[in-house]
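Below is one structure, written out as structure tokens; comments come after it.
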Ligand code: FES
């Protein structure tokens with residue numbers, strides 16, 4: 001009754017009834033892997049919900065940040081849980097985006113006309129990672145402060161404008177008095193608003209251009225389920241499942257125990273010192289980077305510039321440009337609404353596997369010191385090993401993955417052909433059977 | 001009329017940028033910026049009057065939702081003239097004027113001075129001054145200039161070695177006091193504290209990316225990604241027998257940047 005009235009109210013003013021009906025009747029293709037993006041979306045919802053709560057208890061200043069985190073963590077179980085769930089949601093958010101990106105990559109969902117959606121998704125990954133980094137730096141503890149110091153050094157390493165850029169972030173020197181306030185406004189305002197806008201565009205495009213599907217589509221139709229009630233209930237289930245997962249993780253597994261690290265001073269450090277998982281590949285890159293400082297016109301270009309600035313920029317450009325690179329390789333620019341099974345294009349599987357391997361190698365390199373202690377080898381030996389694995393291991397894994405995919409595709413095709421072949425069995429002289437092509441009648 | 005106004009807007013914007021860069025009085029910068037804005041407003045307004053269609057158009061008014069306005073004549077979007085190009089120049093000038101506020105947010109180059117001065121006593125983080133015998137041989141501690149504990153980028157590692165094991169160049173011979181030698185604690189790679197001293201091998205170790213510095217040879221990097229030695233703090237003794245610095249570091253501490261040589 002009330003709903004009907006609300007509907008009438010808006011319909012009389014906006015003509016919204018037809019549109020609401022359209023939204024509710026819209027069809028969405030269905031596959032388990034399509035829920036990865038939704039999982040990410042609902043992690044963001046959890047982040048906003050817990051994050052808003054945290055803004056009421058956190059003091060964004062160098063003097064007060066750490067103490068306020070300890071205070072609200074100790075004060076109530078809710079405070080501790082909020083912080084835990086917030087951090088776990090962030091970790092899961094970025095993980096979900098990465099896996100979702102992988103799904104889109106391996107099924108070639110990025111093809112025309114969805115290149116814009118792909119670019120928006122990659123931007124979301126970058127924004128989410130930076131948001132994560134600024135967020136876990138906010139408590140101003142020894143571990144995150146060390147990460148900030150390294151980020152400062154990377155900013156500082158940019159030719160010509162590095163000092164200015166680092167100074168802008170710090171508000172003068174290091175650690176600048178404005179660093180925590182800057183990070184705070186970036187973390188709770190600029191970046192979340194950016195994520196919200198990117199998400200709106202990303203999802204708007206999925207809605208407007210319609211989702212891809214695995215079902216073959218000779219008639220050019222969407223094969224799927226209605227938004228209402230099928231899909232609504234499904235996505236509601238995903239939301240609550242997401243909320244359950246991050247809450248459970250937050251309740252059971254301690255993450256980022258800053259109370260064990262202590263407040264930040266630029267002369268104290270934890271050992272080992274390694275960042276959150278999504279930033280680890282950059283830390284690994286810094287460890288593997290060559291110890292060279294080149295000079296350009298007499299000015300130093302510090303060693304951290306190459307692994308810390310150039311490498312991630314190149315990686316970003318490669319991923320953003322992938323739909324166009326793919327186009328160049330496949331020489332195909334047709335509309336691709338139907339997803340392909342990953343094995344359909346073994347070379348793409350190879351490229352994807354190589355990129356994933358490169359990321360994994362760098363991530364592993366970020367804890368080489370602990371591995372060296374555990375395995376009783378010199379850390380320099382591990383550095384050498386990872387330096388070799390980064391290019392050659394990636395290529396090797398890529399090649400193997402491509403070969404496996406090709407093999408899989410061939411055996412699938414073979415099995416399909418087997419099933420469809422009809423033969424005629426004929427008794428032969430030895431008493432066995434010979435298969436023979438059936439007589440055409 | 002509008003082209004002339006736009007020209008004024010461009011010149012005023014450039015003028016404001018130059019005035020801001022030269023740190024001219026606020027009034028001058030502000031007046032030029034405001035003049036630029038008003039001139040652009042006049043330019044756009046005058047152009048709107050000039051370009052106005054001769055007769056008023058109509059579009060059917062549906063109670064809800066969009067409707068179809070009369071179609072755009074083909075030449076409207078394609079029309080490009082000198083005035084249009086002038087607008088691009090104007091936007092470039094506005095962007096240039098916006099550059100100064102942006103640049104002013106950071107200094108270039110950033111200078112890494114520390115709190116060390118000649119005669120400053122070396123004190124522990126608790127503020128206790130140290131004599132040459134306070135550290136046992138093989139010992140290490142973090143020190144700051146007296147009165148400036150926790151000062152940014154000023155943390156120093158004080159090490160005590162056997163007398164005479166250090167292999168320094170002649171110019172650094174008297175930087176050591178009875179086996180006490182001091183290096184910046186801020187890693188030259190990416191700024192982490194170089195927190196670990198392996199006294200058997202005389203190596204300093206950075207836990208962030210495993211750079212290793214050879215203490216005996218002036219903390220030169222021997223392994224890991226660091227490319228520059230940890231700056232050494234020259235030590236002296238004051239009249240009361242306490243360890244003091246001879247002055248600030250001779251070179252900048254911490255990670256390198258483009259402007260470090262300046
Ligand atoms: S900061 Fe010391 S090795 Fe990187």
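The values are calculated or read from the model by the stated rules, or taken from the named source; none is laboratory data. Just so you know, these numbers come straight off a predicted model, no measurement behind them. No Cβ is skipped: glycine too gets one built from the backbone with ideal geometry, and neighbour counts run over all protein chains shown.
Just to check your reading of the model, which residue among A:321, A:291 is closer than 28 Å to residue A:119 by Cβ and either in contact with a helix residue (DSSP H, G or I) (Cβ under 9 Å, 6 or more places away or on another chain) or surrounded by fewer than 18 Cβ atoms within 10 Å (Cβ to Cβ) (or both)?
A:321
Output yes when any residue across the range B:160-177 is free of Cβ contacts under 8 Å to residues at least 60 places away in the same chain, within 16 Å of the ligand (Cβ to nearest atom) and either touching a helix residue (DSSP H, G or I) at 6+ places or on another chain (Cβ under 9 Å) or within 14 Å of chain A (Cβ to nearest Cβ) (or both), and no when none is. Scanning the range B:160-177 turns up no residue that is free of Cβ contacts under 8 Å to residues at least 60 places away in the same chain, within 16 Å of the ligand (Cβ to nearest atom) and either touching a helix residue (DSSP H, G or I) at 6+ places or on another chain (Cβ under 9 Å) or within 14 Å of chain A (Cβ to nearest Cβ) (or both). Within the range B:110-147, can you find the residues that are within 12 Å of chain A (Cβ to nearest Cβ), surrounded by fewer than 21 Cβ atoms within 10 Å (Cβ to Cβ) and in a loop (DSSP other than H, G, I, E, B)? Those that are within 12 Å of chain A (Cβ to nearest Cβ), surrounded by fewer than 21 Cβ atoms within 10 Å (Cβ to Cβ) and in a loop (DSSP other than H, G, I, E, B): B:111, B:113, B:115, B:124, B:125. Among the candidates A:286, A:282, the residue that is at pLDDT 90 or above and at the interface with chain B (Cβ under 7 Å from one of its Cβ atoms) is uniquely A:286.
Is there a residue in the range A:257-268 that is within 30 Å of residue A:389 (Cβ to Cβ), within 9 Å of chain B (Cβ to nearest Cβ) and in contact (Cβ under 8 Å) with a residue 24 or more places away in the chain?
No - not one qualifying residue is present in the range A:257-268.
Restricting attention to the range B:179-195, the residues being farther than 11 Å from residue B:208 by Cα and either in a strand (DSSP E or B) or within 6 Å of the ligand (Cβ to nearest atom) (or both) number 6. Does residue B:219 count as crowded, with 21+ Cβ neighbours inside 10 Å, under 18 Å from residue B:251 (Cα atoms), at pLDDT 95 or above and within 12 Å of chain A (Cβ to nearest Cβ)? The answer is no for residue B:219. Among the helices (runs of 4 or more DSSP H) confined to the range A:112-182, the ones with at least 2 residues that are at the interface with another protein chain (Cβ under 10 Å from one of its Cβ atoms) are located at A:142-156, A:162-170. Is at least one residue of the range A:330-340 out of contact with any helix residue (DSSP H, G or I) (no Cβ under 7 Å at 6 or more places or on another chain), surrounded by fewer than 17 Cβ atoms within 10 Å (Cβ to Cβ) and not in a loop (DSSP other than H, G, I, E, B)? Yes. Of everything in the range B:198-208 that is within 14 Å of the ligand (Cβ to nearest atom) and farther than 17 Å from residue A:367 by Cβ, the residue that is surrounded by the most Cβ atoms within 10 Å (Cβ to Cβ) is B:204. Within the bounds of the range B:231-244, is there any residue that is surrounded by fewer than 24 Cβ atoms within 10 Å (Cβ to Cβ), without any contact (Cβ under 8 Å) to a residue 12 or more places away in the chain and away from the ligand (no atom under 16 Å from the Cβ)? Looking for residues that are surrounded by fewer than 24 Cβ atoms within 10 Å (Cβ to Cβ), without any contact (Cβ under 8 Å) to a residue 12 or more places away in the chain and away from the ligand (no atom under 16 Å from the Cβ), one finds at least one in the range B:231-244, hence yes.
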